[in-house]
Amino acid sequence: MARITAGVGCSHVPAIGVAMDTGITDQPYWKPLFDGFVKSREWMKDNKPDVIFLVYNDHCTAFDASCIPTFALGCAAEFAPADEGWGRRPVPVVKGHQKLASHIAQSVILDEFDLTIMNEMEVDHGLTVPLSVMFGEHGVDDEWPCPVIPLAVNVVQYPAPTGNRCYNLGKAIRRAIDSYPEDLNVVIFGTGGMSHQLQAERAGLINPEWDNRFLDSMANDPEAARQITHLEYLRETGSEGIEMVMWLVMRGALDEKVTEVHRHYHVPASNTAVGHIILENHE
Amino acid sequence: MARITAGVGCSHVPAIGVAMDTGITDQPYWKPLFDGFVKSREWMKDNKPDVIFLVYNDHCTAFDASCIPTFALGCAAEFAPADEGWGRRPVPVVKGHQKLASHIAQSVILDEFDLTIMNEMEVDHGLTVPLSVMFGEHGVDDEWPCPVIPLAVNVVQYPAPTGNRCYNLGKAIRRAIDSYPEDLNVVIFGTGGMSHQLQAERAGLINPEWDNRFLDSMANDPEAARQITHLEYLRETGSEGIEMVMWLVMRGALDEKVTEVHRHYHVPASNTAVGHIILENHE
Amino acid sequence: MTERTEKPYDDIPGTFVFDADRSREGYHLNMFCISLRLADNRATFGADEGAYLDRYPMTPAQRQAVLDRDWMELLRLGGNIYYTSKLAANDGITFQELAAKMTGVPNEEYRDMMLQGGRPIEGNRYKSEWEKT
Amino acid sequence: MTERTEKPYDDIPGTFVFDADRSREGYHLNMFCISLRLADNRATFGADEGAYLDRYPMTPAQRQAVLDRDWMELLRLGGNIYYTSKLAANDGITFQELAAKMTGVPNEEYRDMMLQGGRPIEGNRYKSEWEKT
Ligand SMILES: [Fe+3]
Ligand SMILES: [Fe+3]
């Protein structure tokens with residue numbers, strides 16, 4: 001039986017990818033940020049996921065304004081890193097897991113979630129940066145250590161799905177994975193956030209108290225987190241802080257009680273507060 | 001306040017469009033079919049919808065195998081009739097209603113339905129044939145009498161959304177329309193079906209008893225209809241009979257008790273049983 | 001065919017349910033078929049079928065079934081009727097004529113069956129009913 | 001700008017919430033911007049900006065804001081930051097430099113603000129707080 005053993009929350013700032021791709025992670029600006037992932041990379045080696053289920057958002061890269069799915073599940077054999085306007089990241093092609101992805105798609109649709117199935121899709125920094133920070137440097141001719149099932153969530157055009165909906169989708173994904181016959185260790189990533197606003201006169205907004213409360217609730221009080229309104233995200237965490245709804249999918253897929261094995265919070269990466277947490281299911 | 005005053009159930013066979021476009025609707029093969037829509041066209045003139053919300057499925061025309069949304073809502077200004085492989089139907093371009101469509105999209109997503117928003121989309125016979133049978137002949141330089149908001153439902157790749165999910169989406173669409181400030185008379189169409197199988201050795205399957213029970217339940221017992229399983233549709237009504245889940249969206253948007261003002265059932269149109277019903281809300 | 005686990009709808013006779021397994025198997029075949037909905041592509045395909053098919057990484061069996069217009073084989077190999085009907089339309093074959101071909105009867109016989117009410121559901125619900133006869 | 005009804009988030013200062021109304025208004029502008037994510041399009045745009053812009057039926061004001069690289073005006077006219085950032089990337093401008101431009105401060109000042117913990121939430125929740133000062 002496949003099972004979800006842990007969840008990873010992680011920001012996905014493009015500049016973090018650029019820092020890794022240009023080899024400047026030891027510079028004073030970046031070192032404190034990457035220091036927070038040293039333990040995470042060890043944890044990944046120790047825990048060796050067979051598959052990563054990765055919740056992220058596309059930043060107007062694979063999806064343009066003509067077609068905006070709320071939840072798009074990647075069922076392709078592979079997903080090429082996209083050129084987002086500054087060249088393709090020199091990281092490996094992401095391999096999917098078609099059989100498990102199709103199983104999840106079928107299970108979750110019959111569970112009354114209205115997925116869009118993607119059989120071709122490029123992936124942007126929203127997906128590749130979390131892989132990079134968690135797995136360390138991997139060049140374009142290398143391979144990622146395991147296959148990845150991407151779930152792209154619309155958080156660009158208002159309204160994103162509610163936090164509650166994301167949380168319940170996480171529960172449905174867990175039911176799907178629990179019913180998959182093969183023995184697989186699945187780790188689920190929720191990415192995006194923390195507080196940030198990239199646009200207009202309020203750009204640069206950072207709300208560390210709010211972010212840390214959110215990290216606390218991820219560990220100990222998901223019932224509170226799932227009720228956070230869009231208006232609160234927008235007002236308190238900036239227009240792009242609403243990406244945090246994606247962490248709720250990850251959290252919904254875990255046990256009600258989890259063990260927090262690692263946490264890291266750092267400001268800034270470019271315009272953004274970086275948050276990171278690792279939560280283990282008990283079982 | 002906008003309000004849904006009535007629902008129309010209607011099959012959407014391509015050959016019906018061809019019969020109208022080539023002017024052979026008086027031939028003995030077609031006449032009994034079209035006779036059943038004489039009253040419907042009068043009803044449309046008397047009831048004059050300001051907007052039609054039309055639930056249909058794309059038949060591998062606008063959507064290819066790369067992207068399969070469960071529910072795709074058309075929010076564009078207009079939708080061109082597609083070439084499905086035998087030339088574009090000579091009917092008018094379908095005009096959308098962008099403000100109402102966007103309002104519905106926002107309301108329904110916040111109501112926890114996971115729509116895909118389409119800002120560009122061609123429409124196939126699934127949408128244009130119901131307009132043709134209900135409005136009568138309109139040439140390519142003519143205009144349809146009112147704007148149309150298309151909702152495309154995946155019924156091609158298994159699994160389609162459950163009948164129950166479709167029914168609940170209908171309820172959410174109604175809540176959205178009820179909360180729209182402008183005074184609009186909206187009629188909702190559920191299209192597709194009745195029993196038919198287009199493929200393989202069982203092609204031509206027709207189950208009139210089942211179909212008529214389904215029409216009865218549309219009128220009087222939607223709670224029974226919403227519980228019909230995919231397996232029952234597939235077994236009893238043929239592989240393409242599962243299109244009938246789309247009628248449930250229409251039915252969910254109506255009052256629990258409705259008045260049946262017209263019904264028509266005819267076999268065959270090409271490979272298909274044709275069913276049609278008009279249901280009025282009491283208010 | 002790729003490995004398939006048992007499905008609840010496997011006991012329906014004469015029917016392919018186009019699920020994710022079939023969709024994955026038929027992906028390039030179906031993408032080829034849908035390309036024919038556009039007139040320019042139909043013309044290019046008509047001018048040199050083999051060269052056009054080279055654009056789509058199908059299996060040799062799928063490619064041959066296209067060239068042979070083996071409509072049942074196309075379904076067996078992951079094709080879906082809404083896709084394969086685009087290939088049929090390209091050849092001037094309607095949905096009803098295509099159904100006649102797949103059921104192995106002359107057009108008139110199939111058309112008459114439909115005019116007489118279609119294929120009855122009695123005896124056509126379960127594979128076991130087909131095996132008896 | 002097109003007519004907008006009041007929104008619950010309208011009282012957040014210095015922020016455009018990219019909702020359906022803005023999306024509709026900015027559609028062709030945003031579709032132009034996303035086209036620049038591909039290198040070939042960047043080259044064509046670079047060779048003749050006006051000719052390239054002719055492909056997209058924007059309003060004259062949107063077109064002018066593109067030519068002027070008026071980043072705030074692009075947002076006012078329905079642009080979204082993830083789209084306009086593609087135009088910025090084409091010009092070699094990073095997200096952080098773009099933020100500095102939109103907030104009207106030199107790059108160093110914006111970068112220092114971020115290094116010191118970013119723009120505080122206190123005083124930045126409501127438009128009324130900005131009007132007081
Ligand atoms: Fe992001
Ligand atoms: Fe249909």
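Among the residues of the range A:12-22, at least one is in contact with a strand residue (DSSP E or B) (Cβ under 8 Å, 6 or more places away or on another chain), assigned to a loop (DSSP other than H, G, I, E, B) and within 16 Å of ligand 1 (Cβ to nearest atom).
For B:Val8, are the conditions met, namely being farther than 21 Å from B:Ala152 by Cα and not hydroxyl-bearing (Ser, Thr, Tyr)? It is false that B:Val8 is farther than 21 Å from B:Ala152 by Cα and not hydroxyl-bearing (Ser, Thr, Tyr). Can you confirm whether B:Ile68 is of a type outside the set (S, T, N, Q), crowded, with 24+ Cβ neighbours inside 10 Å and within 16 Å of ligand 2 (Cβ to nearest atom)? Here the answer is yes, as B:Ile68 does meet what is asked.
Considering B:Asn185, B:Asn207, B:Asn220, which residue is at pLDDT 95 or above, over 15 Å from the mean Cα position of the chain (by Cα) and open to solvent by 40 Å² or more (accessible area, probe 1.4 Å)?
Details: B:Asn185 fails: open to solvent by 40 Å² or more (accessible area, probe 1.4 Å); B:Asn207 fails: open to solvent by 40 Å² or more (accessible area, probe 1.4 Å).
That would be B:Asn220, the only listed residue that is at pLDDT 95 or above, over 15 Å from the mean Cα position of the chain (by Cα) and open to solvent by 40 Å² or more (accessible area, probe 1.4 Å).
Sub-8 Å Cβ pairs linking a first residue in the range B:205-218 that is more than 12 Å from every other protein chain (Cβ to nearest Cβ) to a second residue that is open to solvent by 50 Å² or more (accessible area, probe 1.4 Å) and among the charged types (D, E, K, R), at least 6 apart or interchain, are B:Leu215/B:Arg263, ordered by first then second residue. Entry remark, the range B:54-101: residues being more than 21 Å from B:Pro145 (Cβ to Cβ) and part of a strand (DSSP E or B) number 7 in total. Restricting attention to the range B:8-43, report how many residues are out of contact with any helix residue (DSSP H, G or I) (no Cβ under 9 Å at 6 or more places or on another chain) and among the basic types (Lys, Arg). Counting residues in the range B:8-43 that are out of contact with any helix residue (DSSP H, G or I) (no Cβ under 9 Å at 6 or more places or on another chain) and among the basic types (Lys, Arg) gives 2.
Would you check if D:Ile93 is outside any helix (DSSP H, G or I), among the β-branched types (Val, Ile, Thr) and closer than 24 Å to A:Ala62 by Cα? So D:Ile93 passes the test.
Just to verify a result, which residue in the range B:1-11, among those that are assigned to a loop (DSSP other than H, G, I, E, B) and away from ligand 2 (no atom under 16 Å from the Cβ), is farthest from the chain's Cα centre (by Cα)? Steps first, please.
As a first pass, look at the range B:1-11 and keep what is assigned to a loop (DSSP other than H, G, I, E, B): B:1-2, B:11.
Imposing the further condition that a residue be away from ligand 2 (no atom under 16 Å from the Cβ) reduces the set to B:1-2.
Details: B:Met1: 24, B:Ala2: 20 Å.
Checked the range B:1-11; the qualifying residue farthest from the chain's Cα centre (by Cα) is B:Met1.
Does D:Leu74 satisfy the condition of being more than 9 Å from every other protein chain (Cβ to nearest Cβ) and modelled with pLDDT of 95 or more?
Details: more than 9 Å from every other protein chain (Cβ to nearest Cβ): yes; modelled with pLDDT of 95 or more: yes.
For D:Leu74, the condition - more than 9 Å from every other protein chain (Cβ to nearest Cβ) and modelled with pLDDT of 95 or more - is met.
The set of residues in the range D:14-70 being over 18 Å from the mean Cα position of the chain (by Cα) and either part of a loop (DSSP other than H, G, I, E, B) or under 27 Å from A:Gly241 (Cα atoms) (or both) consists of D:Leu38, D:Asp48, D:Asp54, D:Arg55, D:Pro57. Checking each residue in the range A:172-225 for being under 28 Å from D:Glu97 (Cα atoms), in contact with a Leu (Cβ under 9 Å, 6 or more places away or on another chain) and outside any loop (DSSP other than H, G, I, E, B) picks out A:Gly190, A:Thr191, A:His196.
For the range B:234-254, indicate whether the set of residues that are farther than 29 Å from B:Ala2 by Cα, facing chain C (nearest Cβ under 10 Å) and free of Cβ contacts under 8 Å to residues at least 12 places away in the same chain is non-empty. Working first, answer last.
Within the range B:234-254, the first condition is being farther than 29 Å from B:Ala2 by Cα, and the residues that meet it are B:234-242.
Next cut, facing chain C (nearest Cβ under 10 Å) only: B:234-240, B:242.
The next check asks that each one be free of Cβ contacts under 8 Å to residues at least 12 places away in the same chain; those that pass are B:234-235.
Yes, the range B:234-254 contains at least one residue that is farther than 29 Å from B:Ala2 by Cα, facing chain C (nearest Cβ under 10 Å) and free of Cβ contacts under 8 Å to residues at least 12 places away in the same chain.
The criterion of being over 19 Å from A:Ala19 (Cβ atoms) and not β-branched (Val, Ile, Thr) holds for A:Asp141.
So which residues in the range B:179-194 are hydroxyl-bearing (Ser, Thr, Tyr) and either within 16 Å of ligand 1 (Cβ to nearest atom) or touching a His at 6+ places or on another chain (Cβ under 7 Å) (or both), if there are any at all? Within the range B:179-194, B:Tyr180, B:Thr191 qualify. Count of the range A:1-27 residues, restricted to those that are in contact (Cβ under 8 Å) with a residue 60 or more places away in the chain and of a type in the set (Ser, Thr, Tyr), is 2.
What about D:Arg55, is it open to solvent by 60 Å² or more (accessible area, probe 1.4 Å) and either more than 9 Å from chain A (Cβ to nearest Cβ) or within 26 Å of A:Asp83 (Cα to Cα) (or both)?
yes
Looking at A:Ile117, A:Ile109, A:Ile104, which is the one that is within 11 Å of chain C (Cβ to nearest Cβ), away from ligand 2 (no atom under 16 Å from the Cβ) and not in a helix (DSSP H, G or I)? Result of the check over A:Ile117, A:Ile109, A:Ile104: A:Ile117. Scan the range A:28-64 for residues that are without any contact (Cβ under 8 Å) to a residue 24 or more places away in the chain and either closer than 24 Å to A:His97 by Cβ or crowded, with 22+ Cβ neighbours inside 10 Å (or both) and report the count. Going through the range A:28-64 one residue at a time, the tally reaches 2.
Name the residue, out of A:Val186, A:Val156, A:Val148, A:Val140, that is closer than 30 Å to B:Cys67 by Cβ and in contact with a Cys (Cβ under 7 Å, 6 or more places away or on another chain). Can you show your working first?
Numbers: A:Val186 fails: in contact with a Cys (Cβ under 7 Å, 6 or more places away or on another chain); A:Val148 fails: in contact with a Cys (Cβ under 7 Å, 6 or more places away or on another chain); A:Val140 fails: in contact with a Cys (Cβ under 7 Å, 6 or more places away or on another chain).
Sole residue among the options that is closer than 30 Å to B:Cys67 by Cβ and in contact with a Cys (Cβ under 7 Å, 6 or more places away or on another chain): A:Val156.
Within the range D:61-77, one or more residues are of a type in the set (S, T, N, Q) and surrounded by fewer than 20 Cβ atoms within 10 Å (Cβ to Cβ). The residue list B:Phe71, B:Phe53, B:Phe79 contains one member that is under 18 Å from B:Ser11 (Cα atoms) and at pLDDT 95 or above, which is B:Phe53. Summed over the range D:101-121, the residues that are surrounded by 18 or more Cβ atoms within 10 Å (Cβ to Cβ) and at the interface with chain A (Cβ under 8 Å from one of its Cβ atoms) give a count of 8.
Tell me, please, whether a residue that is closer than 28 Å to D:Ser23 by Cβ, in a strand (DSSP E or B) and more than 15 Å from ligand 1 (Cβ to nearest atom) can be found in the range A:120-143. There is no residue in the range A:120-143 that is closer than 28 Å to D:Ser23 by Cβ, in a strand (DSSP E or B) and more than 15 Å from ligand 1 (Cβ to nearest atom). Taken together, the criteria place B:Glu236 among residues that are open to solvent by 20 Å² or more (accessible area, probe 1.4 Å), modelled with pLDDT of 95 or more and assigned to a helix (DSSP H, G or I).
Can you go through B:Asp50, B:Asp58, B:Asp83 and tell me which one is within 16 Å of ligand 2 (Cβ to nearest atom) and among the charged types (D, E, K, R)? Among B:Asp50, B:Asp58, B:Asp83, only B:Asp58 is within 16 Å of ligand 2 (Cβ to nearest atom) and among the charged types (D, E, K, R). Note on the range B:95-136: among residues that are open to solvent by 10 Å² or more (accessible area, probe 1.4 Å) and of a type in the set (Asp, Glu), the one that is farthest from A:Thr229 (Cα to Cα) is B:Glu122.
Considering only residues that are within 10 Å of the chain's Cα centre (by Cα) and not assigned by TED's automatic domain parsing to the domain that holds D:Ser35, which ones fall in the range D:73-100? Once the filter is applied, which keeps residues that are within 10 Å of the chain's Cα centre (by Cα) and not assigned by TED's automatic domain parsing to the domain that holds D:Ser35, the range D:73-100 yields D:Leu98, D:Ala99.
Test B:Lys171 against the criterion of being open to solvent by 10 Å² or more (accessible area, probe 1.4 Å) and in contact (Cβ under 8 Å) with a residue 60 or more places away in the chain, and give yes or no. Yes; evaluated as a whole, the condition is true for this residue. Among residues of the range A:145-168 that are among the basic types (Lys, Arg), those with a beta-carbon under 8 Å from a residue that is in a loop (DSSP other than H, G, I, E, B) and away from ligand 2 (no atom under 16 Å from the Cβ) at least six positions away or on a different chain give the pairs A:Arg165/B:Glu112; A:Arg165/B:Asp114.
The values are calculated or read from the model by the stated rules, or taken from the named source; none is laboratory data. The model shown is predicted, which means the values in this text are computed figures rather than measured ones. With ideal geometry, Cβ positions are generated from the backbone for all residues, glycine too; neighbour counts draw on all protein chains shown. When the accessible area is computed, the model is the full protein with side chains, heavy atoms only, and any ligands, DNA or RNA have been set aside. Shrake-Rupley method; radii C 1.70, N 1.55, O 1.52, S 1.80 Å.
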